[in-house]
1. For segment B:336-344, check the following and say yes or no: at least one residue is within 28 Å of A:GLU336 (Cα to Cα) and in contact with a Gly (Cβ under 9 Å, 6 or more places away or on another chain).
2. Can you name the residue in segment A:403-448 that is within 14 Å of chain B (Cβ to nearest Cβ), of a type in the set (A, V, I, L, M) and surrounded by fewer than 22 Cβ atoms within 10 Å (Cβ to Cβ) and, of all such residues, is farthest from A:GLY325 (Cα to Cα)?
3. Pick from segment A:551-575 the residues that are assigned to a helix (DSSP H, G or I) and within 47 Å of the chain's Cα centre (by Cα): which of them is surrounded by the most Cβ atoms within 10 Å (Cβ to Cβ)?
4. Would you pick out the residues in segment B:106-126 that are crowded, with 17+ Cβ neighbours inside 10 Å and either of a type in the set (Val, Ile, Thr) or part of a helix (DSSP H, G or I) (or both)?
5. Applying the selection to segment B:623-644, what residues are closer than 30 Å to A:THR656 by Cα and in contact (Cβ under 8 Å) with a residue 12 or more places away in the chain?
6. I'd like to check something: does segment A:7-23 contain any residue that is surrounded by 21 or more Cβ atoms within 10 Å (Cβ to Cβ), farther than 22 Å from A:LEU215 by Cα and under 36 Å from the mean Cα position of the chain (by Cα)?
7. From the list A:GLY278, A:GLY315, A:GLY219, A:GLY267, pick out the single residue that is farther than 25 Å from A:ASP20 by Cα and surrounded by 22 or more Cβ atoms within 10 Å (Cβ to Cβ).
8. Return yes or no: is B:LYS543 more than 14 Å from every other protein chain (Cβ to nearest Cβ), among the basic types (Lys, Arg), crowded, with 17+ Cβ neighbours inside 10 Å and under 48 Å from the mean Cα position of the chain (by Cα)?
Protein chains: 2
Amino acid sequence: MTELDGDLHLQLAGLRPAMDSFLRPQAIAVVGASSDPGTLSGLLFANLAGSGFGGAVLPVNKRHPSIQGVAAYPDLVSCPVVPDLVVVCVPAPAVGAVIAEAGRLGVKAVCVISAGFAETGEAGSDLQDALAREALAHGTRLVGPNCAGVVGGEGDLRFNATFGRIVPPPGNISVISQSGAFGLGVLEMMGERGLGLRNFVSIGNTADLAIADFLLYWGTDPGTELVLLYLESVPEPRRFMRVAKQVSARVPIVVLKAGRTDAGRRGAASHTAALSSGDVAVDALLHQAGAIRAESVEEVLDLAALLSLHHRYPGRRVGIVTNGGGSGVIAADACESNGLVVPEVSPATADRLRAWLPTEASVANPIDMIASASEGQYREVAQVVGQSGDVDVVMVVFNVPVLTPATAVARELAAAHNHIGAEVPIVAVFLNRDGPPPSLRQAGIASFVFPEGAARALAAAVTWNEARDRLPAERVQPRTRPASVGTFLAEARLRARDGWLGFGDTEALLESYGIAVPKSVTARTPHEAGLVQSKLRRPVVVKVAAPIHKSDIGGVRLDVSTPGAAAEAVRGIRADLEAAGVADLGDELVVQEQITEGQEMIAGFNRDPLLGPLVVAGLGGRLVELMGDVAVRVSPLTDLDVTEMVQSLRSYRLLTGYRGSPVLDLDAFHNVLKAVSAVAEECPEIAEMDLNPVFVLDKGAMVVDARVRLYMQPGAGPVTSRKWGS
Amino acid sequence: MTELDGDLHLQLAGLRPAMDSFLRPQAIAVVGASSDPGTLSGLLFANLAGSGFGGAVLPVNKRHPSIQGVAAYPDLVSCPVVPDLVVVCVPAPAVGAVIAEAGRLGVKAVCVISAGFAETGEAGSDLQDALAREALAHGTRLVGPNCAGVVGGEGDLRFNATFGRIVPPPGNISVISQSGAFGLGVLEMMGERGLGLRNFVSIGNTADLAIADFLLYWGTDPGTELVLLYLESVPEPRRFMRVAKQVSARVPIVVLKAGRTDAGRRGAASHTAALSSGDVAVDALLHQAGAIRAESVEEVLDLAALLSLHHRYPGRRVGIVTNGGGSGVIAADACESNGLVVPEVSPATADRLRAWLPTEASVANPIDMIASASEGQYREVAQVVGQSGDVDVVMVVFNVPVLTPATAVARELAAAHNHIGAEVPIVAVFLNRDGPPPSLRQAGIASFVFPEGAARALAAAVTWNEARDRLPAERVQPRTRPASVGTFLAEARLRARDGWLGFGDTEALLESYGIAVPKSVTARTPHEAGLVQSKLRRPVVVKVAAPIHKSDIGGVRLDVSTPGAAAEAVRGIRADLEAAGVADLGDELVVQEQITEGQEMIAGFNRDPLLGPLVVAGLGGRLVELMGDVAVRVSPLTDLDVTEMVQSLRSYRLLTGYRGSPVLDLDAFHNVLKAVSAVAEECPEIAEMDLNPVFVLDKGAMVVDARVRLYMQPGAGPVTSRKWGS
C-alpha cells in the first residue's frame, strides 16, 4: 500500500465516497437512455443492461415507460432508489438540470456522456463551467462531459456503462483514456490478449474529476496492479507529477502520450481543445513522475502483458532459451539493443546444461537447444538457467512447432515457473502463427509473439524497477526566497531593455544565488577598456554588454593581452556592430577575465505554459544546437534529477577526465543547476534564463555569459507558488 | 524487368537451368524419406506428399518399398524419371554418394537438408567442401547443407518440401532464410496476414548456391514482386551488394539482419559458424545495396503487407482519415516521427470535406469524421482527400465499430481505392480486436492493426522509392593505380615503424592522391625548429612527427609565433614525452603552418575482413568519439555515396554557413573522401588510414594530421582487386 504524503492522504479521503460511487455502484441510472440500440445512448444502455450487473439498472426517459424491456422512470426523483452513479446522455443544454436534480438527491457520482461542451468553443466551455459549478454546489462529482463511459464493479456488481460492446474479463488493470473511442479499442485488444480489466474511465473534457484523482484512488486500491493512461494533454501537470510519483512507488503507470509531433499536436488541439506542451517537457514530466512512457499502442499492450502479472524485474541479465538458432540471435539482439544484457552462462551452468542437451546444441547464451528440443528439455533447461544465479530473467523463445507441440511446451514451462519461483521470472515468446498458448498467462508467464516486443517491455520494466527503488527517498526541501530579491527584480525591471536584464543586474542576480562569474568591469570608451585590462593583468575578453547572442554579430574579442589591444578591440567591435546595423548595442562593453580552461556547458530555464519551469543542462559552445546534447527536467529539481540529467549527457565524460584532460568539478556544475532551479521557483518575475557558456573548472564553475529576461509587466507570466517543496 | 550489367546477365544465364530445377521442378526425389512423420525426414516427405504437387514425388529408401503410401525406390537410378530436384535427408557421411549419383544422372538441383557439416567444426567443413567439389564436377548445383528445404512451383506443380506444416497460399513474395526454423515461423505469420508466397529457400550453410544467386534469378522473375531475406551474415558481401543494387531497381528487397549486438553475434557465430561484420558496416552495405533494412520481425511483415501489393509510394505527404480523434492523433504522431508529413489540406479540400461531414468533425489533417462516421462518409472523404493533390497517400484509421460495421467500411474503401487509382494509395489501420477485414487486402489495400507499424513501413517504402530513383544512374568509374604507387609503398614499408608510415611518406602519399597538406618541415633540434618558424613567417604548430595520437601525451604546441618559441616548444614537448615514458618519440618533430580557420572534420578508412574497405566521414576534433557524428560507407564510393554521407552528418550545417560562419568548400571535402576511397581500392598494402583533422576551408581542404598503417608483410591483408569499378 502506498504511503501518501499528508495532504494527498486528505485529498484521497475527500474523494473516496465519490470514487466508490463511480467505480463500485449498486444502482446505476442512465438519463436519456434510448430504446434504439442503433443510437449511442441506446447502445450504452444495451451494454449496461447486458453486462450482468446484479444491482439496479434504472433507465430514465420522459417519454417511454420501459427501455429495451427494462422499466423506466420519468426522472431521477421517481426512481425507487437513489442511484450511486448517474450516467447522462441527454443533449448538452439539458445536462445542467439533470446534474441539479442528481445533486439535490445526494447522488455522489455523475458521468456526463453528452458532447457539445468545451470541445466546441467558448460557449460550450461556459456551459461546461456551469455544470461543474452546479455539481460543486451539491457536493456531486463529475466525470466528463464528452466521454464514452465507465467500466467497474466486482463480482455480480460488474458493469459496462460504455459504448464498447467488447470489454476484457475482470482483472487488475485500470485504464483511463482521454479519447473514448481509442480507449475502447485498447479494451478490445486487451481482451484479445487475455489481459483483465479492473476499471475503465473515459475521462472526457475533465470538467471536474481529473486523471490525478483516479490515480490517487487506484494507488491504494488493492485490486489495481497496473494503470494504463492515454493522454493528449496533462491537465494540472504539477499535481499529476506529484501524485504519479507517489502512486508509482506501488503501482506501475504506463502512459501513451500522443501529440508528440506538430501534426499530432494539431490533431490533439482540435480533438480536446487542450493546450499541449512540447514533447521534451512531457518526457521530463513523465520520467520524473516515475511513469513508463510507451511509444506505441503495441508497446502499451506488451507492457500490460508483462506488468499485470508481476512487478518485480530486478536486473538486466537475460538468459535466452530457444529451439531455433535464428530466433535466439534475434532475441539476443532485441535484448541488447534495448539495454538488457545477455551474458554467457557460467562454466558450471554450461556443464549442467550439457547433461540435458545434444552435442549440436549451444550452451552459450542464447542457449540453442536445436529444433529437436522436447517439452521436457524446455522445462529442465529453463529451470537450470533460472536457478543458476547467472541471469535475472529467463526468456524462452519457441519457434514453429516441428515435432514438439506448443501446448506441451507451455505446460512444462508452467512447471518450470512454479519450480523456479517469482525471483527469476520467465517470459515466453511463441514466434509462429498461433502465438503463445493462453495457458501460459494463466500460469503466470507473460507471453508474446515477437521477441522485440518482449525485450522492449522487459527493459522498460527493469528501468522502472531501478527508478522505483530510488524515487521515494527524493524530496525537495521547501524554501522561501529572501524579500530583498523581489525589491531587486522590481528595480532591475525598470533598467531592463525589452525585459532583458542589464549586465550588472544579471551579475548581481547570479551572485545572489551563489553562481560564480569571472572578474568583469564595464567600459564605455577604448581608453577605459585599456585601463581595465591593465588592472586585470592577464588576457581578457572584450564584448558587448547587451544581452544578445554576441558572437553572431562580431560582438566579442578573445585573447586581448595589452591595454592597446583592449582599446583596439572596442573600436573593432563598434565597427562590426555599425556594419551590422546595430551600432547602439556598442555603447557599453564588458572587459572580462578570460577563462581558458575547463569545459563549456550550458544551464538555464524557460517556462512551459502548463508544466512550469523547465531546467536544461547540456554541452555548451558553438555546437550546442547541432549536437542537441541536452537534458531537460521539470523544476524543482531533486538531487537525483540533477545527477541523472548530467549523467545522461553524451558530454558527461568531458567532465570526468576525458582522454587525459583533468577531472572537473561536477559538484560545482550540479550546484549551478540547483541554483537555476531555485531561481525558476523563487522568481516568477523571470521568464527565462540562459547561462551559456558555463565553464566547469578543476575547481568551481564560472558563468561567462548569461541572459535573463523578465516579464515586461509586474505580475505577468505564469503563476508559480513562491513557496515550493515536493 | 531489370537490365542487368553484362557479366551479371551471363551469370544468370548460367544459373537458370539449376534455378528452374530448384524452384519449378516436375519431379522431386526425397532421398532418405522416412515412413515416420514423427521424424524430420518423415515430416518433410509428408508435407511434400500432402502439398498437392501434381508432378512425380519419388521417395528413395533402401529398405522400404513404399513410404507413407507412395511407391519408393532403392536409389535415384531406379526412379522411373530423372528427378529435377533431389532433396537429401540421409546422415552426413552418406550425402556425398547421393550427390555423386545425382550428378551422374544429370540432376541439376540438389537440396541437402542433412546437418553435420561446417556448423560442427573443421572436419564438417572439410566434408562440406567435398560435397561442393563433387557437385561441381558434375555441373550439379547445391542448396544447403543444414537447411529446412524449399517451397516453389506454380499451379498444380506447387510444392512444399520443408519441415513447415503451414505455408502461405501462392503469391508474389520470395523468401530466403539463413535460419530454417525462423524462416518457417515467418511463413506461418505471412499466411496469417494473408501474404502470398512465391518461393521459399532455406539457404543453410551455403556450400554452393548463395543468396545473391537467388536474388539474380528473382530480379528477372515476373512472379516475384518482393524479396524478404533473413541474414545472420552476408557471404560474398561485395557481390551481394552489386547484385542487390541492380535487382532492387525492380524488386524491393527487405532484409532482417540479425547479429546486431555482441550477444546476437555470439549467437550467430555458434549458429552458422560465419564471421560477421560490425553492424555499422552492414548498415552501410544494405543502404548502398538499395535494400530496406527492417529492425524487427514485425517490421518485416508490415513491409511485406505494404510492398507486396504495390511498389510505388512517391511522396511523404499523408492524409489521415479517421472516426476517432485519439486514433488520428496517434497516427499523425506515428507518421511524423517516422519522417512522413501530415500537412493541413488546402482550403478548397477543406470546403469539399465540410460538405460530407458534420460540424463537429475536424477537416484539418488528421481528418476526424467523429464516431458517427458512416461507411459512405469513409468512401467520400477518402476519395476527396485522395484526389485533392494535397497528399501522396491516404491513411484510413478505423476505430472500434460502434455503430458502423468494419466490413461495410472495408467495402466502401475498396470502392474509393478503385475510384482514386493507384497513384494515391490507400493504407488502412483497423485498431480493434478483429483487426482489418481480409477483404481489404483482396481489394488491393494494405492493412494493419497498429498505426505505428503502418507509418514505419510506409516511411521505409517512400525512402526506398527515393533511393531507387537515384541508384541506377550511379556508377564508379573503373581506374587502375599508377605502377609507381606500388614501388613507393614497398620502399615506405621498409622505413615504417610497426607498419605506420613516417611523416614524409604519409605526406607524399596524400599529395600523390591530390590531398592537400599544410606547409611542413621536420626538425630534429630546437634550433632547426626556430629556423623553420622564421622561414614560414607566421604562427606554426610544433608537434611530434611519429604517427601517434599526439595531443593525449603533450606532443603538440599551438600558436608558436617566434623562433624562440619554436625552440622552446621542442624542449617542452621532449620534456613531456620523457615524463610520459616515451622519450624516443621526440627525436623528430614537425613544424607546420598553423591552420586557424575552417571546420575540423575527419576522413579515413579501415578494412572489414568480409566487406572490404569502409570509408568514414565525420565531425573532427576532440569530441569525435563522444558525439559519434560519423557516416560510414562501403568502398568504392559513388558521387552519390559521398554526397549522402556528408549530408547525413549533424555537423553538415557547419560546412554550409552556420550562424554567420562562412560557407566552406564542400567539394573539397568530397574530393578528400573520394581520394580516400581510391587509396582504399588501389592500395591493398594499406590496412587503415585516418585523416584527423581535415580542415575544410573557404577554399580547399587541408589534412593537418594523418596516420597510415601498412600491413607488415608484403602481400598480407585482405585481397582487393587493384582494378575496381561498379
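1. yes
2. A:ALA408
3. Result: A:ILE573.
4. B:VAL107, B:VAL110, B:VAL112, B:ILE113, B:ALA118, B:GLU119, B:THR120, B:GLY124, listed by residue number.
5. Matches in segment B:623-644: B:VAL624, B:MET627, B:ASP629, B:VAL630, B:ALA631, B:VAL632.
6. So far as segment A:7-23 goes, no, none of its residues is surrounded by 21 or more Cβ atoms within 10 Å (Cβ to Cβ), farther than 22 Å from A:LEU215 by Cα and under 36 Å from the mean Cα position of the chain (by Cα).
7. Just one listed residue meets the conditions, A:GLY267.
8. The answer is yes for B:LYS543.
The values are calculated or read from the model by the stated rules, or taken from the named source; none is laboratory data. All figures in this text were calculated on a predicted structure; none of them were measured in a lab. Ideal geometry is used to build each Cβ from the backbone, glycine not excepted, and the neighbour counts take in all protein chains shown.
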